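Novice: Once you've had a glance at the structure underneath, I'll fire off some questions.
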Amino acid sequence: MNEGKVWLVGAGPGDVSLITVKGLHAIRHAEVIVHDRLVNPELLKQAPKNCLIINVGKNPNHHPIPQSEINAILVEYARMNKQVVRLKGGDPYVFGRGAEEVEELAKEGLKFEVVPGISSAIGGLVYAGIPVTHRDYASSFHIITGHMCQGNDPQNWHAFAQLDGTLVILMGMTRLSEICQQLIAGGKSADTPAAVVMYASQARQQVARGTLATLHLEVERQQLHAPALIVIGEVVNLHDVLAFTATQIEIQDMVC
């Protein structure tokens with residue numbers, strides 16, 4: 001009997017063809033797939049016909065399946081000697097709680113393998129024509145969560161305002177106006193270029209641009225909402241030059 005194993009796979013920012021070859025191989029050989037809400041449904045169609053598909057997706061402020069139960073599901077099926085794919089949007093270790101899941105598997109002595117994915121914090125912005133670094137504008141970038149664990153102290157936006165380089169904020173849309181105001185109060189210029197990218201890398205992608213002072217107004221005008229990326233820095237001004245129309249590749253044409 002084959003030994004059970006959990007494959008922790010990053011699905012990328014949304015464009016189905018950005019899945020890695022190794023990630024697609026794991027999906028196509030899975031017996032159980034445990035997936036998040038933001039995973040492209042086309043990826044699930046690549047699973048074998050007899051594969052058990054379990055949706056453990058979370059909505060903002062609504063987690064019908066708590067993390068402890070997700071961990072238990074992975075442990076249960078690995079102990080049943082199943083090939084389990086834990087499929088997560090973006091990269092599993094970039095604010096994806098993947099490390100917590102692997103810690104639980106390691107504690108139980110179960111086999112696992114992590115397959116990195118393209119993080120939306122980098123790849124998603126590429127599709128919007130916004131590089132996180134540029135020789136003339138930003139020599140560093142900082143990925144920040146806008147959503148802290150319950151009971152934790154809030155983010156110190158005044159400290160982040162002192163950082164050079166590009167700020168990329170995930171899970172911050174519900175507090176967009178507050179975050180911008182806090183960065184300005186911390187010393188960032190109100191004229192600092194800023195943007196929000198919704199449905200990054202997908203055909204329905206939308207981009208709102210402005211400054212720290214005006215971004216929330218443009219987001220309201222375009223009716224953008226979570227989940228979306230927030231990016232702050234001079235690199236935002238490159239959008240008009242670097243934006244492109246992505247070639248759509250059918251996942252059925254991908255060989256692994």
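Novice: Can you tell me how many residues within region 11-44 are part of a loop (DSSP other than H, G, I, E, B), touching a residue at least 60 places away in the same chain (Cβ under 8 Å) and either open to solvent by 80 Å² or more (accessible area, probe 1.4 Å) or aromatic (F, W, Y) (or both)?
Specialist: Residues meeting the conditions: 1.
Novice: Here is a further query. Being surrounded by 18 or more Cβ atoms within 10 Å (Cβ to Cβ), out of contact with any His (no Cβ under 9 Å at 6 or more places or on another chain) and not aromatic (F, W, Y) is the requirement here; does V75 meet it?
Specialist: In short, yes.
Novice: Next question, about the same structure. Collect the residues in region 112-134 that are of a type outside the set (G, A, S) and within 9 Å of the chain's Cα centre (by Cα), keeping them in residue-number order.
Specialist: Residue satisfying the conditions is I118 alone.
Novice: When you scan region 146-255 for strands (runs of 3 or more DSSP E) that lie fully inside it, which ones turn up with 3 or more residues that are open to solvent by 70 Å² or more (accessible area, probe 1.4 Å)?
Specialist: Counting at least 3 such residues, we get no strands (runs of 3 or more DSSP E) at all.
Novice: Let me ask you something else. Hey, can you tell me all the residues within region 241-256 that are free of Cβ contacts under 8 Å to residues at least 60 places away in the same chain and within 20 Å of L125 (Cβ to Cβ)?
Specialist: T245, T247
Novice: Return the total of residues in region 84-130 being in a helix (DSSP H, G or I) and hydroxyl-bearing (S, T, Y).
Specialist: Residues of region 84-130 in a helix (DSSP H, G or I): 98-107, 120-127.
The next check asks that each one be hydroxyl-bearing (S, T, Y); those that pass are 120, 127.
The total comes to 2.
Novice: Let me ask you something else. Going residue by residue through region 94-115, is there one that turns out to be of a type in the set (D, E) and in contact (Cβ under 8 Å) with a residue 60 or more places away in the chain?
Specialist: yes
Novice: Considering only region 113-123, I want to know if a residue exists there that is at pLDDT 95 or above and more than 18 Å from L38 (Cβ to Cβ).
Specialist: yes
Novice: State all residues of region 167-209 that are in contact with a Leu (Cβ under 7 Å, 6 or more places away or on another chain) and at positive phi; if no residue qualifies, say none.
Specialist: S201
Novice: Next question, about the same structure. I'd like the full set of residues that are out of contact with any helix residue (DSSP H, G or I) (no Cβ under 8 Å at 6 or more places or on another chain) and under 19 Å from A121 (Cα atoms), limited to region 174-191.
Specialist: If the condition is that a residue be out of contact with any helix residue (DSSP H, G or I) (no Cβ under 8 Å at 6 or more places or on another chain) and under 19 Å from A121 (Cα atoms), then T174, R175 are the ones that fit.
Okay, residues lined up against (1) closer than 30 Å to F160 by Cβ; (2) exposed (fewer than 13 other Cβ atoms within 10 Å of the Cβ):
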residue	(1), (2)
G57	yes, no
R86	no, no
V102	yes, no
G109	no, yes
E113	no, yes
I130	yes, no
H134	yes, no
H142	yes, no
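Novice: With the requirement that a residue be touching a residue at least 40 places away in the same chain (Cβ under 8 Å) and not polar (S, T, N, Q), what does region 193-210 give you? First the steps, then the outcome.
Specialist: Looking only at region 193-210, we keep the residues that are touching a residue at least 40 places away in the same chain (Cβ under 8 Å), and these are 193-195, 197, 199-203, 205, 207.
Once the filter is applied, which keeps residues that are touching a residue at least 40 places away in the same chain (Cβ under 8 Å) and not polar (S, T, N, Q), region 193-210 yields P193, A194, A195, V197, Y199, A200, A203, V207.
Novice: Something else: Could you please find all residues in region 235-256 being touching a His at 6+ places or on another chain (Cβ under 6 Å) and at pLDDT below 90?
Specialist: Correct list: C256 only.
Novice: Could I ask something else about it? Among the residues of region 177-195, are any of a type in the set (V, I, T), in contact with a His (Cβ under 8 Å, 6 or more places away or on another chain) and at pLDDT 95 or above?
Specialist: There is no residue in region 177-195 that is of a type in the set (V, I, T), in contact with a His (Cβ under 8 Å, 6 or more places away or on another chain) and at pLDDT 95 or above.
The values are calculated or read from the model by the stated rules, or taken from the named source; none is laboratory data. This one's a predicted model, so the numbers in the text were calculated from it and none came from an experiment. Cβ: placed from backbone, ideal geometry, glycine included. Neighbour counts: every protein chain shown. The area values use the complete protein model at the heavy-atom level, side chains included, leaving out ligands, DNA and RNA. Shrake-Rupley method; radii C 1.70, N 1.55, O 1.52, S 1.80 Å.
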